[in-house]
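The values are calculated or read from the model by the stated rules, or taken from the named source; none is laboratory data. Predicted model, so just to flag it, every value in this text is computed and none were measured. Cβ coordinates were reconstructed from backbone atoms using ideal geometry, including for glycine residues, and neighbour counts include every protein chain displayed.
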Amino acid sequence: MIVQLLLSLFAIFFSGCGGDGDSASGQLTGGCSLYAIANGDKCGKERGPIAFLGIISPGQGYSGTCTGTFITPNKILTAAHCFQGAASARVLSGDYASEVVQVIKHPRWRNNINNKYDVAVVVVRDPIDVPPLPLLVSVFPGPGLLIRAMGYGLDETRDPGYNKDHEDRLKGALMVIASVDQNFFYSTFASSDAAICLGDSGGPAISWNASGVAGIIGVSHAIYAPSDSMGLPICDNEQVVSIFVPVADNEIINFILTHAPEAGIL
């Protein structure tokens, strides 16, 4: 078993590189299976709060794929490691397209698997006209809680999302939190072999408050996974454990609200 940090295409694999659930376009409601990121069905193709990030590195051009979530009309919450050595990205969601114009990483982030500060707020050039997702801090991400992870990463075919129409790549996986420590929460399959994979970094773990309103409870960070002969993670494996940064952590939520004070809170 190895730890993979899944920013797609990078040698060290990170897990990629408000409003209510019904208001978040078809991404959360229209045709999205509960059991899919690696090994599952596609979500709605409509413009929505969950965005594809095509990372652009200086001198290299396109260098990887991540996922992010609009928490305001022009600010996206994602993983800091997605922008390790990069300062821009192409942003896509349905028929929406824009570019990242500013990247703000948590000041305590270091490129290390055990570093809990793997969050960034990125500013896009053009606001999106769909309700953003709120931050869910009223629900503790404890063992047994169901979450829904979403992302544009690899599926069970290992087909990299950048070679396909990004609209066909968004997927969602129903998972259950297995354990929590001082840095992260760890999730496993709920009832199918689904897990986050390369390109899902920065994507949301979604849960619901007592009124049934959906919000972001975590940010996709990494996975524990077996690897194949080429060193790539085998994501559709029952041994996979997906790792998330909890947004309710004081140092995480304070950072997010410092740079996106208009974000919704549940």
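Structural remarks
- Region 152-176: number of residues that are at pLDDT 85 or above and crowded, with 22+ Cβ neighbours inside 10 Å: 1
- D236 vs. criteria closer than 25 Å to L53 by Cα, in contact with a Ser or Thr (Cβ under 7 Å, 6 or more places away or on another chain) and at pLDDT below 85: no
- If you go through region 72-106 and keep only what is closer than 21 Å to F185 by Cα and in contact with a helix residue (DSSP H, G or I) (Cβ under 9 Å, 6 or more places away or on another chain), you end up with L77, K105, H106.
- Segments classed as strands (runs of 3 or more DSSP E), wholly inside region 69-123, with at least 1 members that are of a type in the set (A, V, I, L, M, F, W, C) and farther than 15 Å from V247 by Cβ: 88-93, 96-105
- Put simply, of S187, S179, S201, S220 the only residue that is under 27 Å from S63 (Cα atoms), in a strand (DSSP E or B) and either modelled with pLDDT of 95 or more or not acidic (D, E) (or both) is S220.
- Per this entry, L133 is not counted among residues that are surrounded by fewer than 16 Cβ atoms within 10 Å (Cβ to Cβ) and either modelled with pLDDT under 80 or under 24 Å from G264 (Cβ atoms) (or both).
- For region 70-92, a tally of residues being of a type in the set (S, T, Y) and surrounded by fewer than 24 Cβ atoms within 10 Å (Cβ to Cβ) returns 2.
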